[in-house]
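> Let me give you the structure first, and then I'll get to my questions.
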Amino acid sequence: MNKNTIQNNQLIYDLVGVGIGPFNLGLAALSQPIKELNCLFIDQNESFNWHPGLLLANTTLQVPFMADLVTFADPQSPYSFINYLHTHNRLYKFYFYENFFILREEYNHYCQWVAQQLGNLKFNTAVIDIKFVDSDMDDEIYQIVIKDLTNQSVSKIYSRHIALGTGTSPHIPARLSNIKHPNVLHSANFLEYEAKLRNLQSVCVVGSGQSAGEIVLELLKQQDQHPRQLTWLTRANGFFPMEYSKLALEHFSPDYMTNFYQLDGATKHSLIEKQDLMYKGISKQTIADIFDELYRQSIGNKPQPLNLLANTNLDEIVVNNNSSTQQINLHTNNLLTKNRQQFMCDAVILATGYAMQSTQLLNSLNQDLVQNDTKSYALNADFSLQNKALNKHKIFMQNNSLNSHGVGSPDLGLGCHRNIIILNSILGYEHYTTQKNTVFQNFNFNTQKGHECVNYTTFH
């Protein structure tokens with residue numbers, strides 16, 4: 001790579017990252033020590049802050065502490081979680097803490113600590129457009145139009161490669177998205193509204209994932225000081241735990257990801273449908289804590305504060321604007337009995353998950369980008385978009401490869417592995433070692449012999 005190549009007297013970056021969540025932050029940290037790479041990472045937010053609305057006390061990541069930004073690529077990196085603990089004089093405290101899982105609040109602080117040390121991050125900057133342009137001294141490169149949100153100035157930068165890490169945004173089903181009521185909110189904003197919720201008489205939580213479980217638990221813990229009638233409903237068959245037994249966890253490995261990619265589209269789709277409890281559901285500990293809290297609050301046969309409704313779809317939310325309290329009317333449908341029911345509440349928390357943000361930044365490139373059978377962008381094995389133009393300069397996708405690379409794609413534990421693949425692909429050689437033979441199971445679907453995995457990193 002040549003740092004000094006210019007386009008119209010401007011530097012051409014080797015890699016520009018769009019969005020700075022954990023995945024692109026990890027990519028920035030791993031690219032920092034590589035002298036032949038000149039990288040820049042851009043985010044419209046003022047600073048790094050990971051899901052601030054869900055940083056509930058004592059909640060943890062669902063992956064072990066080794067799944068930090070860099071350790072699986074470089075255990076000696078100064079940006080590791082262990083070094084973070086060492087720097088903050090917390091090594092022995094964490095040692096005696098005896099918990100494999102990082103507190104979510106501490107993970108956020110760790111990422112902020114890494115971000116503060118990196119010189120290749122640019123916050124408060126929005127990306128407006130991306131397109132191919134001819135270069136004075138190179139092949140076609142990407143022109144990225146950016147806007148400084150401090151002074152509203154617009155400028156252009158250039159890069160050979162792009163890593164899209166715009167992440168996900170709170171998802172609300174279309175039938176519910178037009179509800180305008182201050183007490184109908186997504187779980188992503190829970191902490192912002194928590195104080196207000198304490199003064200209400202009834203709260204309904206919708207969903208059966210980890211966020212829903214954590215919010216229900218938090219509301220239950222507040223019952224002694226702030227008694228309310230709570231309802232927890234989900235269209236799922238029950239309030240089931242996430243599957244994370246040890247052999248099941250091997251599906252979150254480089255081996256499984258490598259070999260999953262080689263399957264045909266129909267087989268991939270069928271597998272993913274059967275694996276939903278590997279990445280959805282609630283941790284067993286959270287379920288146990290909810291049950292224990294319900295048991296404690298039932299002493300003396302006190303009325304149960306929580307109504308649990310599985311197999312129940314929320315069809316509609318109706319706001320009674322003629323009421324002085326503007327109570328919320330929930331129209332539900334039992335998916336087994338087909339019985340319809342209505343009930344009132346003061347607030348609704350929609351723990352309805354997250355969806356990938358729109359890729360409209362790629363609109364000018366659409367004619368050259370390949371779509372798969374799910375009408376999303378098709379990815380190469382190295383997580384780059386398949387391009388009809390076969391241009392050697394690539395756009396890599398972070399956390400948008402569930403259908404192509406398998407169940408582990410959104411998992412923090414494989415973010416580092418994906419970044420290894422991306423950086424090695426850009427460099428054209430294996431700078432960071434790709435881990436192979438990492439599991440006891442044979443995930444090599446193409447053969448019953450041996451246990452080797454195909455190296456899907458492509459160099460040019």
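The values are calculated or read from the model by the stated rules, or taken from the named source; none is laboratory data. Predicted, not measured: the structure shown is a model, and the values here were computed from it. Using ideal geometry, Cβ is built from the backbone for each residue, glycine included, and neighbour counts are taken over all protein chains shown.
> From PHE343, PHE260, which residue is among the aromatic types (Phe, Trp, Tyr), surrounded by fewer than 18 Cβ atoms within 10 Å (Cβ to Cβ) and either within 21 Å of the chain's Cα centre (by Cα) or under 27 Å from ILE179 (Cβ atoms) (or both)?
PHE343
> For residues that are surrounded by 17 or more Cβ atoms within 10 Å (Cβ to Cβ) and either touching a helix residue (DSSP H, G or I) at 6+ places or on another chain (Cβ under 6 Å) or not hydroxyl-bearing (Ser, Thr, Tyr) (or both), scanning just segment 357-368, find the one that is farthest from GLU316 (Cα to Cα).
Out of the qualifying residues, it is LEU365.
Table: residues versus (1) within 24 Å of ASN403 (Cβ to Cβ); (2) surrounded by fewer than 21 Cβ atoms within 10 Å (Cβ to Cβ).
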site: PRO182; (1), (2): no, yes
site: LEU200; (1), (2): no, yes
site: LEU219; (1), (2): no, no
site: TRP232; (1), (2): no, no
site: TYR244; (1), (2): yes, yes
site: LEU247; (1), (2): yes, yes
site: LYS268; (1), (2): yes, no
site: GLN275; (1), (2): yes, yes
site: LYS284; (1), (2): no, yes
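> Would you tally the residues in segment 11-56 being of a type outside the set (Ser, Thr, Tyr) and in a loop (DSSP other than H, G, I, E, B)?
20
> Considering only residues that are farther than 19 Å from GLN304 by Cα and of a type in the set (Asp, Glu), which ones fall in segment 194-243?
Of everything in segment 194-243, those that are farther than 19 Å from GLN304 by Cα and of a type in the set (Asp, Glu) turn out to be GLU194, GLU243.
The rows are residues; the columns are (1) aliphatic (A, V, I, L, M); (2) modelled with pLDDT of 95 or more.
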position: MET66; (1), (2): yes, yes
position: VAL70; (1), (2): yes, yes
position: ASP74; (1), (2): no, yes
position: SER80; (1), (2): no, yes
position: LEU85; (1), (2): yes, yes
position: PHE100; (1), (2): no, no
position: VAL114; (1), (2): yes, yes
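> Related question: For segment 157-180, give me each residue that is crowded, with 16+ Cβ neighbours inside 10 Å and among the charged types (D, E, K, R).
ARG160
> Next up: Outside any strand (DSSP E or B) and either modelled with pLDDT under 90 or over 29 Å from ASN237 (Cβ atoms) (or both): is that true of GLN326 in this structure?
Criteria met by GLN326.
> When both residues are 6+ apart or on different chains and their Cβ atoms are under 7 Å apart, which pairs have a first residue that lies in segment 167-185 and is of a type in the set (Gly, Ala, Ser), and a second that is surrounded by 16 or more Cβ atoms within 10 Å (Cβ to Cβ) and assigned to a loop (DSSP other than H, G, I, E, B)?
GLY167/GLY19; GLY167/GLY21; GLY167/ASN399
> Kindly indicate whether any position in segment 52-60 is of a type in the set (A, V, I, L, M, F, W, C) and within 20 Å of LYS122 (Cβ to Cβ).
no
> If you don't mind, there's one more thing I want to ask. Every residue in segment 124-161 that is among the hydrophobic types (A, V, I, L, M, F, W, C) and in contact with a Ser or Thr (Cβ under 6 Å, 6 or more places away or on another chain), please.
MET137, ILE141, ILE146 - these are the residues of segment 124-161 that are among the hydrophobic types (A, V, I, L, M, F, W, C) and in contact with a Ser or Thr (Cβ under 6 Å, 6 or more places away or on another chain).
> Just need a number here: residues in segment 184-198 that are touching a helix residue (DSSP H, G or I) at 6+ places or on another chain (Cβ under 6 Å) and either under 18 Å from LEU230 (Cβ atoms) or surrounded by 12 or more Cβ atoms within 10 Å (Cβ to Cβ) (or both).
The qualifying residues number 6.
> Examine segment 421-434 for a residue that is over 23 Å from the mean Cα position of the chain (by Cα) and aromatic (Phe, Trp, Tyr), and state whether such a residue exists.
Scanning segment 421-434, I find at least one residue that is over 23 Å from the mean Cα position of the chain (by Cα) and aromatic (Phe, Trp, Tyr), so the answer is yes.
> Continuing with this model, one more query. Check SER47 against each of (1) within 20 Å of the chain's Cα centre (by Cα); (2) buried (at least 19 other Cβ atoms within 10 Å of the Cβ); (3) over 26 Å from VAL216 (Cα atoms) and name the one condition it does not meet.
Unmet condition: (2).
> Among the residues of segment 57-77, write down those that are of a type outside the set (A, V, I, L, M) and assigned to a loop (DSSP other than H, G, I, E, B).
Passing the criteria: ASN58, THR59, PHE65, ASP68, THR71, PHE72, ASP74, PRO75, GLN76, SER77.
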